[in-house]
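In what follows, a single structure is set out as structure tokens and then discussed.
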Amino acid sequence: MNPTVSIAVILTVLQAAHCQMIRDLSACLLGQSLRVDCRYENKTSNPLTYEFSLTKDNRKHIIQSTISVSENVYRNRANVTMHKNLVCLYLHSFTTSDEGVYMCELKATNDYTGNQIKNITVIKDKLEKCAGFSLLIQNTSWLLLLLLSLPLLQAVDFVSL
């Protein structure tokens, strides 16, 4: 086989094997909790593993993980929820001592191209409040949102049925 063709075939296989990619990492305050949203694109139904960590004072602290062991100091304060293409870390009782660089690391089973990693610097005074409705919009079809809003639209006489 031609060496150029071999390299092209290998690159194509590696690109196809790349199962997920982190698209966006954002942070906001939800009451007294920090919420870190890790949005990703997934091209497979293979199980997804994750790790959220915090780097401060040049030391990595694992907050929640299915890849390695979480630190005791965060176990009772943190939880993770997974929605379609979204992994959310909630760190309760968030204070300035929790400021630093937060990292989201994702890996799909049988993805041999390595883990996907994104970082975000979190400073409490610079965080915006989370918009509860935005999470609903990101994870709900527009048709369902329209159906849910019909009574409201009727109440303000915007739509008459």
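The values are calculated or read from the model by the stated rules, or taken from the named source; none is laboratory data. Keep in mind the model is a prediction, meaning the values are calculated, not measured. Note: ideal-geometry Cβ built from the backbone for every residue, glycine included; neighbour counts use all protein chains shown. Remember, those area values only see protein heavy atoms, side chains included, never the ligands or the DNA or RNA. Shrake-Rupley method; radii C 1.70, N 1.55, O 1.52, S 1.80 Å.
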For this session: Please work out if Thr55 is of a type in the set (S, T, N, Q) and more than 21 Å from Leu127 (Cβ to Cβ).
Result: no
For this session: For residues that are of a type in the set (A, V, I, L, M) and assigned to a loop (DSSP other than H, G, I, E, B), scanning just the range 66-102, find the one that is nearest to Gln32 (Cα to Cα).
Result: Val69
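Listed here are the residues, each with its yes/no results for (1) among the aromatic types (Phe, Trp, Tyr); (2) open to solvent by less than 20 Å² (accessible area, probe 1.4 Å).
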{"site": "Gln32", "(1), (2)": "no, no"}
{"site": "Asn42", "(1), (2)": "no, no"}
{"site": "Tyr50", "(1), (2)": "yes, no"}
{"site": "Glu71", "(1), (2)": "no, no"}
{"site": "Arg75", "(1), (2)": "no, no"}
{"site": "His83", "(1), (2)": "no, no"}
{"site": "Leu86", "(1), (2)": "no, yes"}
{"site": "Ala108", "(1), (2)": "no, yes"}
